[in-house]
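Enquirer: My structure is below; once you've seen it, I'll send some questions.
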Amino acid sequence: MGPANPVSYHPKFDYLKRNLSNMAELLLEQVLMLSDSLDRDDYELAQQVIDRDDELDRLEKENDTISQNAILEAVATRRKMGIESLGPDRVLVRDPLRFALSAIRINRNLERLGDNVVNAAHSFRNGLIKPRAFRDNELLCLIQSRMITIVGMAVESLVEEKNRFFGSIQAVDEELDRLCGQAFQQFVDDDSLDRRAFADLYRIILSLERAGDLAVNVGEELVRLSTGEDVRHLDNENA
């Protein structure tokens, strides 16, 4: 018998799950719009990305409030289910409290990911980067592609309530970090690049790299929610 869905115990959890999914899907749209604006040198589209962030912020605030209330509901539900008597060594996917706590962390990671997308749009919107830079530069093209991939994996995992992409998310994030480092060094060595244009390129690269890290955070939280295993910083512990 498969694990029960933790959001089935109270309507509030179902609503929160739908809200998180809506937020994640809106965020993926933001990432795709940002990439299109960079490819097309479309400043109006970049401005749309900035303007749409208000809806992400609204969802983040609503989800935060619901999550906090869901924690109170979850404590009562755990008592009814008898989970509290099982002890800390028993980790259950059914545990509504774990879902409520994970929802808070996922919600905040999604909101911060959206902020980084908007930061990149703001920097591009300055209009100082030369035309076709994000279309002609191989590293910048690859960075955009990996950014779309990693956010897409995190969103699909969240919407489908699966963690099967986690290893792939980690691998793509490592590649994204490497590509961002190479791009940064390339532009540092480019003496012909205007300092203000370099600053905007640097901010965009940094924002995309950080967004990838936040997508990994979402994946880590989905693993913890599904299995109870905390996979954060495992590479550092094993080093």
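The values are calculated or read from the model by the stated rules, or taken from the named source; none is laboratory data. All values derive from a computational prediction rather than experimental measurement. Positions of Cβ are generated from backbone atoms using ideal geometry, with glycine treated the same way; all protein chains shown enter the neighbour counts.
Enquirer: Look at segment 151-196 and say how many of its residues are within 20 Å of S123 (Cα to Cα) and β-branched (V, I, T).
Expert: So the answer is 1.
Enquirer: Filter segment 49-96 down to the residues that are among the acidic types (D, E), closer than 18 Å to F13 by Cα and part of a helix (DSSP H, G or I), then identify the one that is modelled with the lowest pLDDT. Give the derivation first.
Expert: Going through segment 49-96, the residues among the acidic types (D, E) turn out to be 51, 53-55, 57, 60, 62, 64, 73, 84, 89, 95.
So of that shortlist, the ones also closer than 18 Å to F13 by Cα come out as 60, 62, 64, 73, 95.
Subset that is part of a helix (DSSP H, G or I): 60, 62, 64, 73.
Details: E60: 93, E62: 91, D64: 89, E73: 71.
Result: E73.
Enquirer: While we're looking at this one, here's another question. Quick one: in segment 187-198, of everything that is part of a helix (DSSP H, G or I) and either in contact (Cβ under 8 Å) with a residue 24 or more places away in the chain or among the polar types (S, T, N, Q) (or both), which residue is nearest to T149 (Cα to Cα)? Working first, answer last.
Expert: Restricting attention to segment 187-198, the residues satisfying the condition of being part of a helix (DSSP H, G or I) are 187-188, 195-198.
With either in contact (Cβ under 8 Å) with a residue 24 or more places away in the chain or among the polar types (S, T, N, Q) (or both) added as a condition, the list becomes 196-197.
Values: R196: 29, A197: 27 Å.
If we take residues in segment 187-198 being part of a helix (DSSP H, G or I) and either in contact (Cβ under 8 Å) with a residue 24 or more places away in the chain or among the polar types (S, T, N, Q) (or both), then A197 is nearest to T149 (Cα to Cα).
Enquirer: Tell me which residues, restricted to segment 109-134, are part of a helix (DSSP H, G or I), farther than 16 Å from Y202 by Cβ and either aliphatic (A, V, I, L, M) or out of contact with any Leu (no Cβ under 8 Å at 6 or more places or on another chain) (or both).
Expert: Narrowing segment 109-134 to residues part of a helix (DSSP H, G or I): 109-125, 133-134.
Remaining after also requiring farther than 16 Å from Y202 by Cβ: 109-115, 117-118.
Within segment 109-134, L110, L113, D115, V117, V118 meet the criteria.
Enquirer: For F184, state whether it is crowded, with 19+ Cβ neighbours inside 10 Å, more than 30 Å from T227 (Cα to Cα) and either of a type outside the set (A, V, I, L, M) or in contact (Cβ under 8 Å) with a residue 40 or more places away in the chain (or both). Walk me through it before giving the result.
Expert: Numbers: crowded, with 19+ Cβ neighbours inside 10 Å: no; more than 30 Å from T227 (Cα to Cα): yes; either of a type outside the set (A, V, I, L, M) or in contact (Cβ under 8 Å) with a residue 40 or more places away in the chain (or both): yes.
No, not satisfied.
Enquirer: Out of all the residues in segment 139-163, which are surrounded by 15 or more Cβ atoms within 10 Å (Cβ to Cβ) and among the basic types (K, R)?
Expert: R146
Enquirer: On to the next question. Residues of segment 209-239 being at pLDDT 70 or above and β-branched (V, I, T), which ones?
Expert: Of everything in segment 209-239, those that are at pLDDT 70 or above and β-branched (V, I, T) turn out to be V216, V218, V223, T227.
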